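To start, the structure under review is shown below, and the notes come after it.
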Amino acid sequence: MVSMRFAAAALLGATLLAAAGGCTRTPADGGQDSARMADASAGADWQGYGRTFGEQHFSPLTEISDQTIDRLGLAWSLDLPPGNIASQPIAIDGIIYISTGLSVVRAIDGVSGKQLWEFDPRVGEVAGKKMRNAWGSRGLAFWGGKVFVGTLDGRLIAIDAKTGKQAWSAMTIDKGDENYITGAPRVFDGKVVIGFGGADVGFTRGYVTAYDAETGSKVWRWHTVPGDPAKGFENKAMEMAAKTWSGEWWKYGGGGTVWNAMSYDPETGTLFIGTGNGTPWNHKARSEGKGDNLFLASIVALDGKTGQYKWHYQVNPGETWDFTATMDMHLADLSIDGKPRKVLVTAPKNGFLYVIDRITGKLVSAEPFAKVNWATKIDLATGRPVETPEARFPGGSVSLIWPSDRGAHSWHPSAFSPKTGLVYIPVNEKAATWTDFKVAGEEWRKFMPIGTTQAASMLDLYPKVADPLDGTSRLVAWDVVRQKAAWSVPTPGPLTGGVMATGGNLVFNGQLDGSFNAYAADSGRRLWSFRANAQVLAPPITFTAKGRQYVTVLAGTGAGAVFLGKPMEPFVRDYRTMERRVLTFAIGGTAKLPVPSSSALEPADDPDFSPDAAAIQRGAMTFAVRCGICHGFGAVSSGFAPELRASAMILSSDAFSQVVRDGAFKARGMPQFGEFDQATMDDLRQYLRAGARDWKRTGNAR
């Protein structure tokens, strides 16, 4: 499939290079918004998710530097209500905008910390079961005096930045489907672009859509995988992609959602999108084990004006491990082998760091930045991975795969510094085992519980692994040109937070232990640390207001932590008392945080519990499929949602039903499971009460 991969690039390469002419083209609108979003902008504002079009998560500001960091202190903090907190702010003209909980947007004065307005899209009233995927919004965008947010129920909303009033709203997905939005919108040339998630929980066909930033009218839409051939293809790219699929894939949608990473090159007018996993995950069920399945797990270059396909590079042909290509894509201009190259740099889930020519789509280099055993290398001649024989769990075997589906790099942003030439990656080391279910014909669907499409293969995220790397994390500085680590520092627990690099020779990174840290960008030496009293996983930003540089980050448990299981145990916090705050720092800051709560979680006191082993087992299955995504695997909460084993609610059948089946807490983000019969409710209570009993007996949360 090599010729197909690079065919479009070969045809377009010379034309695009000639058009670029080595000069930076003025963006189409020529206005202040485009100037702020340029990679070379001065850094006073942080307008988009990665600050600029090139998504480097880098700021050139230098007031806060390795020479002044010892005087960095808390300028102010602002407490927030419960809800997802792992979101990146933006800052324009000294005003900070954040989205937390169920996509509630707030404007805050960057100097004083005073809230200016709040916009609530009332997601809890309309999202239904999608609140099971209640990650909230990972970030916002700003263009033309408007703040843009995507909501869990699929709306793209424009908010007047001055008043906090809705300017327009567009429903981006079909009513009644399982899709949702968690990613940050991207903006360029008067357009706002949004994708969505959902390929893990329902049959869906991915696409990305551009809207007019002023009016909300749809400009273009591009699908990531082909539909039913009998209905024709939307464009030549879909016709080409269909040749890489087999069977009746369109019955399941195919997947390929664009739920996170996008970048834009104003010089060539190219939008780069990163696509997700297939539906179902197992290639043998999805496409009879045949074909590359374009454009899953791919980086795709589109014309920003029209949405037309330019080129693609697929990181995992025939993807089968949830190895998405949805992690940050940094645009950079580098000297490689003595020649200037315009490249795209990305460290996706599969553990390899890729350097790709962003004009042609041709692979420049790829090397592993974490432990990898599914492939021995990426063949530079073909651009394809050289997979190991056991990678695809042949013959129904159990295969131990590094990394796990959580990814060697998850969604927490990496950062690229044009000053050091290093990309700073929050690395997670985790193994998992994979086993086939029956995949012949439709047999695999018998094993697919409601609410998941991954069951064509069985994933065990917590196998017994002797390797001490398993369940660890670290911050790695990777030399992009030399393709090797420049430095690496361990971080606590199985996950570390989003990263920001600055012109002051600093790299900021928050961690599970509640610390927010600054490292020397060139050496990795920790220069500064602040105790936030809450997990810091959200990516930070920096900006200026009234001539002073500030650094802002959100502190509190994010939704992604629920997947991490037992390694999270030392970092679990009580949902009811956990701190959730906006933290803003400046040189000379002297503010103090309140004394943290000392309340400890205790299991529910349940002396009358009479266990039923069969009911407990049934309840465990229901909980894993329907409840664990928020309340934690094994019913051990990470703090993102209440710890149910500590709740008196599980002691009362009536109280439990009011919340779970009758929807008493829908407005707070707890979905209504009206389809649960009484037997299912009783099984769930048995499981949770058994968990509380075991916790009380052993003294361990797990």
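No value in this document is a laboratory result; all are computed from the given coordinates. If you're wondering where the values come from, they're calculated on a predicted model, not measured in any experiment. Note that each Cβ is placed from the backbone with ideal geometry, even for glycine, and that neighbours are counted across all protein chains shown.
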_For the pair Arg548/Trp117, report the inter-label distance in nm, with labels modelled 7 Å from Cα in the Cβ direction._
2.6 nm
*asked:* Rounded to whole Å, give me the distance from the Cα center of the stretch 225-301 to that of the stretch 584-657.
replied: 38 Å
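Report relative contact order for the chain in percent, whole number only (criteria: Cα-Cα under 8 Å, sequence separation at least 6).
Normalised by residue count, the contact order of the chain is 13 percent.
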*Which residue, chosen from Met681, Ser637, Pro671, occupies the Cα position most advanced towards the positive end of the dipole of the stretch 613-698, where the dipole is computed from +1 (Lys, Arg) and -1 (Asp, Glu) charges on Cβ about the Cα centre?*
Ser637
*So if R0 is 60 Å, what FRET efficiency would Glu602 and Leu380 give, r being the distance between their Cβ atoms, rounded to the nearest 0.05?*
0.60
*the chain: antiparallel DSSP beta bridges as a percent of all, rounded to 5*: 95 percent
*Taking other Cβ within 10 Å of each residue's Cβ, how do Ser65, Ser529, Ser59 sort, fewest first?*
Ser529, Ser65, Ser59
*What are the aspartates and glutamates whose alpha-carbon lies under 17 Å from the alpha-carbon of Lys218, with same-chain residues fewer than 8 places away excluded?*
Asp174, Asp189, Glu234, Asp303
*Report, in debye and to the nearest 20, how large the dipole of the chain comes out about its Cα centre when Lys and Arg carry +1 and Asp and Glu carry -1 on their Cβ.*
480 debye
*Taking the Cα centre of the stretch 613-698 as origin, sum charge times position over the Cβ atoms of Lys and Arg (+1) and Asp and Glu (-1), and report the length of that vector in debye to the nearest 20.*
280 debye
*Return one quarter of the surface area of the convex hull spanned by the alpha-carbon atoms of the stretch 245-365, equal to its mean projected area, in nm².*
7.5 nm²
*Which helices pass in the chain if a helix is a full DSSP H run, must span at least 15 angstrom along its long axis by Cα, and must have mean Kyte-Doolittle hydropathy not below -0.5?*
2-20, 613-626
_So for the stretch 35-110, averaging the separation of alpha carbon pairs under 8 Å that are six or more residues apart and normalising by length, what relative contact order in percent results?_
23 percent
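Past 24 Å, Cα to Cα, is the threshold; run Lys430/Lys484; Lys231/Lys438; Lys310/Lys371 against it and keep the listed order.
Details: Lys430/Lys484 20 Å; Lys231/Lys438 30 Å; Lys310/Lys371 33 Å.
The answer is Lys231/Lys438; Lys310/Lys371.
Pulled fully out, how much extra length does the chain show between Gln166 and Glu234, if you take 0.36 nm times their separation in residues and subtract their Cα-Cα distance? Write out the running numbers ahead of the final one.
Details: separation 68, 0.36 × 68 = 24.48 nm, distance 3.29 nm.
Taking 0.36 nm per residue and subtracting the Cα distance, the gain is 21.2 nm.
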*Once the principal axes of the Cα atoms of the chain are found, what is the range along each, listed largest first in whole angstroms?*
78, 64, 51
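Hey, with R₀ at 22 Å, roughly what FRET efficiency would Asp513 and Lys371 work out to, going by the Cβ-Cβ distance, to 0.05? Provide the component values of the computation, followed by the final result.
Values: r = 23 Å, r/R0 = 1.04.
Plugging the Cβ-Cβ distance into 1/(1 + (r/R0)^6) gives 0.45.
Please order Ser414, Ser523, Ser457 by the number of other Cβ within 10 Å, starting at the fewest.
Numbers: Ser414 30, Ser523 13, Ser457 25.
Final ranking by Cβ density, sparse to dense: Ser523, Ser457, Ser414.
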_Partner aspartates and glutamates for Lys290 [C-alpha distance under 13 Å; skip if fewer than 8 residues away on the same chain]_ = Glu248, Glu319
*Once the mean 1/r over all distinct Cα pairs of the stretch 613-698 is inverted, what Kirkwood radius in angstroms do you read off?*
12.8 Å
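If contacts are Cα pairs under 8 angstrom and at least 6 residues apart, what is the relative contact order of the stretch 613-698 in percent?
So the answer I get is 35 percent.
Among Tyr252, Tyr180, rank each residue by its count of other Cβ atoms within 10 Å, from fewest to most, as a rough exposure measure. Spell out each step's value before the answer.
Numbers: Tyr252 22, Tyr180 27.
Going from least to most buried by this count: Tyr252, Tyr180.
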